[in-house]
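Chemist: Sharing a structure here in structure tokens format.
The values are calculated or read from the model by the stated rules, or taken from the named source; none is laboratory data. Note that the structure is predicted; figures quoted are calculated from it, not measured. Methodologically, a virtual Cβ is constructed for each residue, glycine included, from the backbone with ideal geometry; neighbour enumeration extends over all protein chains shown.
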Amino acid sequence: MRVLFDTNVLASAFTSSGLCHLAYERAIIRADLITAPRLLDELQRTLANKMKIEVGLAGEIRAELETELEIIEPEALPEPICRDKDDDWVLATALAGKAGIIVSGDKDLLTLKEFGGIKILTPRQFVELINAQK
């Protein structure tokens, strides 16, 4: 199973011990995780600016993810899908990386439910899916 975690879920996974953290822990063990440099840039900014993580620590988290996740270099989608262009990069990365699932807390993405055969799930839905596959 190939999975892409949206920036909001990864940021929560590294700053709290809740559902996003659990989803990430399960995914690291049971899935192939993908991301893109653009998404890692967004994550690093989010951790430092919004989550108030020390800049050096945000860089260390990014470096760790670069070794644990497969890095995809997607091309832009031919036409916009979401109103937020960053969400389109999530979709483009998932398509280019042949993901089966996107895990997100973003309502604009979750409203789609599926894109190009890729399921778009909340962290809770993802954990339930992983748990059901035991």
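Chemist: Return the residue satisfying two criteria in turn: it lies in the stretch 100-126 and is of a type in the set (K, R) and surrounded by 13 or more Cβ atoms within 10 Å (Cβ to Cβ), and of such residues it is farthest from D88 (Cα to Cα). So that I can check it myself, show each step before the final result.
Modeler: Step one: list which residues in the stretch 100-126 are of a type in the set (K, R), which gives 107, 113, 119, 124.
Filter once more, keeping what is surrounded by 13 or more Cβ atoms within 10 Å (Cβ to Cβ): 119, 124.
Details: K119: 15, R124: 22 Å.
In this case the residue turns out to be R124.
Chemist: Take the stretch 1-21 and flag every residue that is touching a helix residue (DSSP H, G or I) at 6+ places or on another chain (Cβ under 6 Å) and not in a loop (DSSP other than H, G, I, E, B). Let's see the steps before the verdict.
Modeler: Step one: list which residues in the stretch 1-21 are touching a helix residue (DSSP H, G or I) at 6+ places or on another chain (Cβ under 6 Å), which gives 3-4, 6-7, 9-14, 19-21.
Listed by number, the residues that qualify are V3, L4, T7, V9, L10, A11, S12, A13, F14, L19, C20, H21.
Chemist: Using beta carbons and a limit of 7 Å, which pairs, at least six apart or on different chains, have the first residue in the stretch 8-36 and within 14 Å of R62 (Cα to Cα) and modelled with pLDDT under 95 and the second one acidic (D, E) and in a helix (DSSP H, G or I)?
Modeler: Nothing qualifies.
Chemist: A further question on this structure: Mind counting the residues in the stretch 76-93 that are free of Cβ contacts under 8 Å to residues at least 12 places away in the same chain and within 14 Å of E42 (Cβ to Cβ)?
Modeler: Taking the stretch 76-93 first, the residues free of Cβ contacts under 8 Å to residues at least 12 places away in the same chain are 78-80, 85.
Among the residues that remain, those that are also within 14 Å of E42 (Cβ to Cβ) are: 85.
Number of matching residues: 1.
Chemist: Could I ask something else about it? Let me confirm something: among A36, A27, A31, which residue is of a type outside the set (D, E, K, R) and surrounded by 23 or more Cβ atoms within 10 Å (Cβ to Cβ)? Before the answer, list the steps.
Modeler: Numbers: A36 fails: surrounded by 23 or more Cβ atoms within 10 Å (Cβ to Cβ); A31 fails: surrounded by 23 or more Cβ atoms within 10 Å (Cβ to Cβ).
Only one candidate passes the filter, namely A27.
Chemist: Give all pairs with beta carbons closer than 7 Å in which a residue from the stretch 46-73 that is within 17 Å of V3 (Cα to Cα) meets a residue that is among the hydroxyl-bearing types (S, T, Y) and part of a helix (DSSP H, G or I); count only pairs at least 6 apart in sequence or on separate chains.
Modeler: That search, which allows pairs on different chains as well, returns I72/T93.
Chemist: Against the definition (closer than 15 Å to N8 by Cα, surrounded by fewer than 19 Cβ atoms within 10 Å (Cβ to Cβ) and in contact with a strand residue (DSSP E or B) (Cβ under 8 Å, 6 or more places away or on another chain)), how does L91 come out, yes or no? Walk me through how you get there before you give the answer.
Modeler: Values: closer than 15 Å to N8 by Cα: yes; surrounded by fewer than 19 Cβ atoms within 10 Å (Cβ to Cβ): no; in contact with a strand residue (DSSP E or B) (Cβ under 8 Å, 6 or more places away or on another chain): yes.
Answer is no for this residue.
Chemist: Moving on. Go through (1) modelled with pLDDT under 95; (2) on the phi > 0 side of the Ramachandran plot; (3) of a type outside the set (F, W, Y) for K107 and report which single condition fails.
Modeler: (2)
Chemist: Next question. Which ones in the stretch 39-80 are of a type in the set (V, I, T), part of a helix (DSSP H, G or I) and under 25 Å from I29 (Cβ atoms)? So that I can check it myself, show each step before the final result.
Modeler: Step one: list which residues in the stretch 39-80 are of a type in the set (V, I, T), which gives 46, 53, 55, 61, 67, 71-72.
Narrowing the set further to residues that are part of a helix (DSSP H, G or I) leaves 46, 55, 61, 67.
Answer for the stretch 39-80, where residues must be of a type in the set (V, I, T), part of a helix (DSSP H, G or I) and under 25 Å from I29 (Cβ atoms): T46, I61, T67.
Chemist: Please work out which one of (1) surrounded by fewer than 19 Cβ atoms within 10 Å (Cβ to Cβ); (2) assigned to a helix (DSSP H, G or I); (3) at pLDDT below 95 is the condition L129 fails and give its number.
Modeler: L129 satisfies all of (1) surrounded by fewer than 19 Cβ atoms within 10 Å (Cβ to Cβ); (2) assigned to a helix (DSSP H, G or I); (3) at pLDDT below 95 except (3).
Chemist: Out of all the residues in the stretch 94-121, which are assigned to a strand (DSSP E or B) and farther than 11 Å from N8 by Cβ?
Modeler: From the stretch 94-121, those assigned to a strand (DSSP E or B) are 101-103, 114-115, 118-121; that's our starting set.
Once the filter is applied, which keeps residues that are assigned to a strand (DSSP E or B) and farther than 11 Å from N8 by Cβ, the stretch 94-121 yields I101, I102, E114, F115, I118, K119, I120, L121.
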